[in-house]
1. Lysines within cross-link reach of Lys325: Cα-Cα under 28 Å, excluding same-chain residues under 8 positions apart?
2. If the limit is 26 Å between Cα atoms, which of Lys153/Lys364; Lys167/Lys364; Lys154/Lys428; Lys52/Lys153; Lys42/Lys94 go over it?
3. May I ask you to list the trypsin sites (Lys or Arg not before Pro) in region 186-235 that are in a DSSP loop and have at most 14 other Cβ atoms within 10 Å of their Cβ?
4. Taking only Cα atoms, what is the 0 to 90° angle, nearest 10, from helix 404-413's long axis to the longest principal axis of the chain?
5. Count charges around Gln278 for me, please; just the other residues with Cβ under 14 Å from its Cβ, Lys/Arg as +1, Asp/Glu as -1.
6. With a sphere of radius 13 Å drawn around the Cβ of Thr351, what net charge do the other residues whose Cβ falls strictly inside it have (Lys, Arg +1; Asp, Glu -1)?
7. Counting each DSSP H run of 4 or more residues in the chain as -39500 (n - 2.57), what helix-only mean residue ellipticity at 222 nm follows after dividing by all residues, to the nearest 500 deg cm²/dmol?
8. Counting other Cβ atoms within 10 Å of each Cβ, which trypsin sites (Lys or Arg not before Pro) in region 310-403 have at most 12 and sit in a DSSP loop?
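Nothing in this text is a laboratory measurement; each read-out follows from the coordinates by a stated rule. Bear in mind that the values here come from a model prediction, so they are computed numbers and not experimental data. Quick reminder, even Gly has a Cβ in these numbers, built from the backbone with ideal geometry, and neighbours come from all protein chains shown.
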Amino acid sequence: MHDYFLGIVMKHPKSKNTTDSILRKHLNADALFRALHTDFSKVSDFRKGDVKISMPDALMSGFAMFSLKDPSLLAFDQRRGIDQNLKSIYHIDKVPCDTQMRKILDEVDPEQLRAAFKQPIRQLQRGKVLERMVFFEGCYLLSLDGTGFFSSKKLHADFCLEKVNKKTGEVTYYLQMLGAAIVHPDFKEVIPLAPEFINKHDGQSKNDCERNAAKRFFQKLRKDHPHLPLIITEDALSSNAPHIREAQKYNLHYILGVKEGDHSFLFDQVKTARNEGQTTEFEIVDEHNPQMIHRFSFINQIPLNASNQDLLINFIEYWEVTPDKIKHFSWVTDFTVTKDNAYQIMRGGRTRWKIENETFNTLKNQGYHFEHNYGLGKKNLSLVFAMLMMLAFLIDQTQQLSCKLFRAVWQKVKSKRALWERMRSLFKEFAFESMQMLYQAILYGVKFQPPIILYDSS
């Protein structure tokens, strides 16, 4: 079809050279795809001798599937042999069939894909884009949470976690990961980092857990980003002494949720201190809504719990009061709380939800098909697919944050799902030299070039 109906971008008359001026040199899709291909070329190939499908081709094909938001491996497989855009845009010389892709990627160590996450973040730093997301005391806010991405009562592999129904004995096999993203209360965009998987490792019989995953994550985080100033924000399950000490070990600040039911010692101390007038209490009328009151109570340098009284934390309690309802939150932090910074610390604590709303919810409900089983494999396939999907999400978010052309296209089609559908449609129908050209086709339209037909005059 490409041979007969080539798409020619029709630029708006007022837009001459506009897109060239708004594209960042290293922060547009095409530059990021090239960098990704370079990173994939460094991944070890376990195969010996001549191979029909190169490792970069296999990995870029998996990435392209998630970049295009194909709903299944079968849907992507239908592009083979007819889609020259996979070569021109994603730099894939030979596209593997679905069986080949599964076989190759199942043997890939997902740890070797971590390096690919660093390049977009590095370019965001160099382009002075990331610094706009600095949140507090020169630090970035890093939200962490666990989520599942595979579950089945039939399909399973040795690395799957297991949950047994105590009443029926039925076993559910599942996989989880600890996700992390740089967030900011004033930004819709999030910048995901390489996740840490929660699964059975070689030789293990017991389930892995989020706490162990966090230890591994912190270690790898500091290896990948040794000097990045970070504040971790998490839910109440994380506000325990071993986890806090682990964060301190890697020079990570924290704003962690706490609940009275899980931290009775801490809340009893706060209650006693409040009765003795040792806490600071104040309230602020919301500048945008005079009917909303922000009420605070805090105290610094108190023990976290009875068994870790040497671990002193700073406690902040917050109520959002409106005529209709009252919302209540509590956090512990290593930042000394004052009247001047309490509001900002509160905003940081509440921004934790962006890992759930802007990250996991986007992946599950805005066309990424996060919970679809693209393939479990016997070794690493599902983990590699999860890494490739997160890379596609990272590059999308990088464009959303830094590429005006991408944002203009998104604004025109109104929704992410509509954008993905439009991209897939044009991708199949027309030949493009670059993703920039495809975006321009969506933004400005396409002129049909009819085929040249030679008639026999005899």
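1. Lys188, Lys259, Lys271, Lys339, Lys354
2. Working: Lys153/Lys364 20 Å; Lys167/Lys364 30 Å; Lys154/Lys428 35 Å; Lys52/Lys153 36 Å; Lys42/Lys94 18 Å.
Beyond 26 Å between Cα atoms: Lys167/Lys364; Lys154/Lys428; Lys52/Lys153.
3. Numbers: sites: Lys188, Lys200, Lys206, Arg211, Lys215, Arg216, Lys220, Arg222, Lys223; in loops: Lys188, Lys200, Lys206.
Passing sites in region 186-235 are Lys188, Lys206.
4. 80
5. Details: positive: Lys271, Arg274; negative: Asp268, Glu276, Glu281, Glu317.
Result for the local shell: -2.
6. Details: positive: Lys188, Arg347, Arg350, Arg352, Lys354; negative: Asp145, Asp186, Glu189, Glu234, Asp235, Glu356, Glu358.
Residues close to Thr351 contribute a combined charge of -2.
7. Details: 16 runs with 167 residues, N = 458.
Helix-only estimate at 222 nm: -11000 deg cm²/dmol.
8. Lys325, Lys339, Lys378
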